[in-house]
Every structure is written in structure tokens, then in C-alpha cells.
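Inspection log for the structure reproduced underneath, given as C-alpha cells.
The values are calculated or read from the model by the stated rules, or taken from the named source; none is laboratory data. Just so it is clear, the model here is predicted, and its values are computed rather than measured. Cβ sites come from the backbone with ideal geometry, for glycine too, and all protein chains shown count toward neighbours.
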Amino acid sequence: KVNDGTLAHENSIQLQTRARQRVPGGVHSNVRLSGPQPYVERGKGAWLYDVDGRNYVDYLLGQGPNFLGHAPDAVLDVVSAADRRGLVYGGQHALEIEAAEAVCAALEWPDMVRFGVTGTEIVQAALRLARAVTGREKVIRFEGHYHGWLDNVLVAEHDGAWGVASEGQLPHHLDDFVVLPWNDAEALAEALRRHGPEIAAVIMEPVMINAGVIQPLDGYLERVRELCTAHGAMLIFDEVISGFRIGLQGAVGRYGVVPDLATYGKALGAGGTVAALVGRRDVMELFGHGMVNHSGTFNGAVPAMAAVTASLAVLREDPPYPGVERHGTALMAGIRRLAAAHRIPLRVEGLPAAFHVSFGDVEVTDYRSLQLLDLDRYARFSEVLVRHGIWVAPRGIWYVSACHGDDELDAALARFSKALVAWSGG
Ligand code: PMP
């Protein structure tokens with residue numbers, strides 16, 4: 001069936017109505033709360049298929065994890081073979097070691113790894129470890145960066161100030177965090193001059209993908225590294241999105257600055273439920289000595305470890321990065337070209353593996369300048385894109401996978417063009 005721009009998908013509507021009887025909002029993650037939406041029947045490669053027989057070129061990729069596309073055989077074969085020996089043991093097994101060795105070998109700089117299940121909880125392990133190592137309490141973080149949904153890291157802006165983002169979230173959980181503008185080395189230097197001896201860690205997305213896909217300015221990460229070292233604060237790179245996506249070594253490889261600790265998730269397991277904290281031996285061994293607690297029933301479970309080893313084997317033996325860069329670059333250029341032809345002021349910025357599309361025409365270097373764009377307008381446009389067979393999220397981030405090739409590029413641009421024609425500019 002063609003994606004003809006209508007939203008008449010009876011099967012999806014029926015399922016959504018049924019879901020809402022048993023599941024609040026019909027979703028299990030508030031990020032996915034929305035109006036009517038297609039229900040997915042299956043995914044393969046770069047494509048999603050819904051329960052009403054329509055197909056979509058997928059540029060959301062499960063919010064990032066499906067870097068090798070949906071249902072990658074090379075990963076599924078390894079995972080299903082491993083799963084037949086049991087899913088979770090409460091005891092150690094060789095696959096955990098293989099996965100840890102594979103992560104260290106791929107990234108090169110870290111000595112040790114702890115696996116967890118989600119990005120949210122592995123960030124908590126990083127913060128706890130940094131506080132234990134330094135004996136300090138405060139953490140510097142940045143406007144627009146996302147580090148999970150827990151009480152101490154979820155924030156929202158209220159008239160220029162940062163505070164809680166949810167009912168039920170107690171403000172005192174945020175007391176030990178200092179929120180600074182990102183890409184502003186002077187702001188960090190000043191904060192460290194003021195609070196230096198109290199700062200346990202500086203945590204950031206080394207490329208700010210969660211707000212606008214904004215890259216670090218030249219020299220910024222180097223300066224951040226110097227400042228953290230000078231003040232004895234641990235530098236934590238949250239590479240949950242960028243890791244294994246913008247290169248095998250993520251932002252560390254791309255920008256050449258090495259943190260003390262880094263967190264990974266999403267692309268690491270090619271869709272498997274897994275996250276990882278990595279760092280130097282002397283720091284990470286605090287877990288090993290039992291001085292710092294990091295626990296979890298499902299940490300190191302068989303499906304996750306199999307997914308990591310299989311995913312990293314593909315990334316190293318058959319690197320998808322050149323193809324991803326090629327597709328992403330062509331897609332970004334194609335969207336810009338179509339927008340110009342239709343005289344629609346779309347802004348397309350970021351990296352080929354993860355870029356941002358929005359309405360507006362201003363230079364964006366941080367969260368504040370991002371707010372000058374018309375983000376709400378794009379959110380409405382994203383619904384038109386979905387109706388025309390391009391699977392994207394309202395917040396404007398597009399992810400490219402190893403499975404996006406020429407056919408997908410042609411389909412995506414043809415569909416984008418139709419969506420632009422249908423877009424009334426509302
Ligand atoms: N850190 C970053 C940078 C993220 O983008 C996310 C999720 N989008 C998280 C942490 C939290 O990861 P999860 O959703 O797996 O808990």
C-alpha cells in the first residue's frame with residue numbers, strides 16, 4: 001500500500017485504543033507519547049512496516065540503537081544461538097569477558113568495562129564512581145544535554161533557569177548539579193575557579209546530539225580536558241548516542257580528546273538491551289574492590305553480551321562507517337536542495353550519522369541559540385513526513401544506519417519532496 005499522505009490506518013488506531021486501556025498513554029516511555037501513530041508490524045534493514053501494510057524508510061532507528069539496521073542477521077544468529085544456553089545465570093560466563101575485551105579493543109583507550117542495561121543507569125554508575133574517586137559531591141553538566149530520566153539528571157528550563165522536569169521529581173535531587181552553557185570554555189573555567197574543590201565530575205555529550213546535533217567548537221573539548229585535569233575533576237563523556245555511531249571510537253575517535261570515564265548504550269548492542277561504562281583500571285577497580293556499588297540482575301545477561309560481541313565483530317570486520325557517511329552526506333544535501341527548491345527555510349546540520357532538521361536560519365552553537373529555531377513547526381512537519389513514509393521523531397534528529405543505501409536515498413528524497421508539497425506551512 002502506498003503512503004499517500006493520509007492518516008487512515010484502522011489497524012493502528014484499533015491497537016492504540018486497546019493499548020490505552022492497559023498502558024498509560026499507550027506507551028512505555030514518555031518520549032513516545034503522541035497522537036495517532038502507526039503501529040509497527042516488523043522492521044528489516046532500513047525499513048519499518050506497519051500493521052496497515054505501509055512501509056517507512058526509518059531514520060529514527062529505535063532512537064539510535066539499530067545502527068546495523070533492523071533485525072541484522074549477523075547479530076540475531078549469534079544472539080539466538082547463545083540464548084539457547086540460557087538467558088541469565090546469576091553467575092559468570094565467558095561471553096561477558098569476550099564482550100568486555102571487544103569493547104576495550106574497539107575503543108583502545110579504556111582498560112576496563114562494566115556492563116549495565118540502560119544508558120540511564122550506567123550514567124548513574126559513572127557519577128557515583130566519580131564522586132567516590134574524588135571524594136567530592138558536585139557535578140557540572142550542560143544545557144540541552146540528556147543523561148537519562150532519573151531524579152538527579154532530568155532537567156527542564158523554566159524562564160532561563162534549570163529545574164525539575166516532572167511532577168514527583170524533588171528539586172533537592174538537583175542541588176549538587178551546576179548547569180552551564182555548553183561550547184563555552186570560559187563559562188566552565190569560571191565555574192571551576194569558583195567551585196573547583198567541590199567538583200567531582202564534568203559530564204557532557206561530547207557532541208550534543210540530544211539538542212540540535214551540535215558539534216564541539218574547535219579546541220573546546222581540549223580546553224575542557226585541560227580544565228578538568230587542572231582542577232582534579234573527572235571528565236565523563238556520555239557517548240550513549242555518539243558511541244559506535246559517529247565512528248568506531250565515537251566522539252573520542254572523532255575529536256581526539258580522551259575522558260576519564262565514558263558511557264555507551266544504543267548502537268553498542270545493535271538493538272540489544274545493553275549499556276557500558278568504561279575507564280582506566282585504577283578508577284574502575286573501585287567497583288572490583290567492592291568500595292563502590294554497581295549492581296543489577298540483568299547486567300552481563302547472555303542476550304546482551306552476545307549482541308555486543310556480534311555487533312562489534314561487524315563494526316570491526318565490515319566497517320559501515322564510510323557507507324553511513326556517504327548516505328548521510330547525500331541525504332543532508334538532498335534535503336537542503338529540496339527545501340531550497342520549495343522555498344522552505346529548512347536547516348539541516350550535524351554529522352552524517354546523526355543530523356538535525358528544523359525550521360529557521362540562525363547559527364546554532366548551543367542550547368540557547370537552538371531555541372531561536374522553530375522547533376514546534378518541525379515537530380508538526382515530522383508528522384507529515386511519517387504520513388509520507390519517512391519514519392522520524394518530532395524533535396528533528398535523523399539517524400542513519402549501515403543499511404541505508406541508494407534505494408533508500410531515492411525513496412527518502414522522493415517521499416520528502418511529496419511531503420514538502422503537502423506541507424501547508426502550518
Ligand atoms: N545519555 C544520553 C546521551 C542519551 O541520549 C540517553 C537516551 N537518549 C541516555 C543517556 C539514557 O539512555 P536510556 O534511554 O538507554 O536510559
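Hey, can you tell me all the residues within region 314-337 that are in contact with a strand residue (DSSP E or B) (Cβ under 6 Å, 6 or more places away or on another chain) and either in contact (Cβ under 8 Å) with a residue 40 or more places away in the chain or buried (at least 17 other Cβ atoms within 10 Å of the Cβ) (or both)?
MET332, ILE335
Take ASP77 and decide whether it is away from the ligand (no atom under 16 Å from the Cβ) and surrounded by fewer than 15 Cβ atoms within 10 Å (Cβ to Cβ).
Criteria met by ASP77.
Check whether at least one residue in region 414-424 is among the basic types (Lys, Arg), over 15 Å from TYR56 (Cα atoms) and touching a residue at least 12 places away in the same chain (Cβ under 8 Å), and report yes or no.
No; the residues of region 414-424 include none that is among the basic types (Lys, Arg), over 15 Å from TYR56 (Cα atoms) and touching a residue at least 12 places away in the same chain (Cβ under 8 Å).
Do you know which residues across region 380-426 are at positive phi and crowded, with 16+ Cβ neighbours inside 10 Å?
Result: GLY389, GLY396.
Which of the residues belonging to region 320-337 are hydrophobic (A, V, I, L, M, F, W, C) and over 24 Å from the mean Cα position of the chain (by Cα)?
Result: no residue meets the conditions.
Can you find, within region 235-259, the residue that is nearest to the ligand (Cβ to nearest atom) among those that are charged (D, E, K, R) and buried (at least 24 other Cβ atoms within 10 Å of the Cβ)?
ASP238
List, please: which pairs have Cβ atoms under 6 Å, are six or more places apart or on different chains, and start with a residue in region 287-307 that is over 11 Å from GLY272 (Cα atoms) and end with one that is in a loop (DSSP other than H, G, I, E, B) and not aromatic (Phe, Trp, Tyr)?
What qualifies is PHE287/HIS294; PHE298/VAL117.
Within region 376-408, which residues are hydrophobic (A, V, I, L, M, F, W, C) and in contact with a Gly (Cβ under 7 Å, 6 or more places away or on another chain)?
VAL400, ALA402, CYS403
Quick check on region 206-234: of everything there that is surrounded by 24 or more Cβ atoms within 10 Å (Cβ to Cβ) and assigned to a strand (DSSP E or B), which residue is farthest from the ligand (Cβ to nearest atom)?
Filtering first and then ranking leaves MET234.
I need every pair where a residue in region 116-139 that is at negative phi has its Cβ under 8 Å from the Cβ of a residue that is part of a helix (DSSP H, G or I) and within 10 Å of the ligand (Cβ to nearest atom), sequence separation at least 6 or different chains.
GLY116/ILE122; GLY119/LYS266
Condition check: under 21 Å from the mean Cα position of the chain (by Cα) and either in a loop (DSSP other than H, G, I, E, B) or surrounded by fewer than 18 Cβ atoms within 10 Å (Cβ to Cβ) (or both). Does ALA340 satisfy that?
Against the criterion (under 21 Å from the mean Cα position of the chain (by Cα) and either in a loop (DSSP other than H, G, I, E, B) or surrounded by fewer than 18 Cβ atoms within 10 Å (Cβ to Cβ) (or both)), ALA340 does not qualify.
Given the residues GLY53, GLY25, which is the only one that is away from the ligand (no atom under 16 Å from the Cβ), part of a loop (DSSP other than H, G, I, E, B) and either surrounded by fewer than 16 Cβ atoms within 10 Å (Cβ to Cβ) or among the β-branched types (Val, Ile, Thr) (or both)?
GLY53
Select, from GLY69, GLY64, GLY43, the only residue that is within 16 Å of the ligand (Cβ to nearest atom), modelled with pLDDT of 95 or more and crowded, with 16+ Cβ neighbours inside 10 Å.
Just a single option satisfies the conditions, and that option is GLY64.
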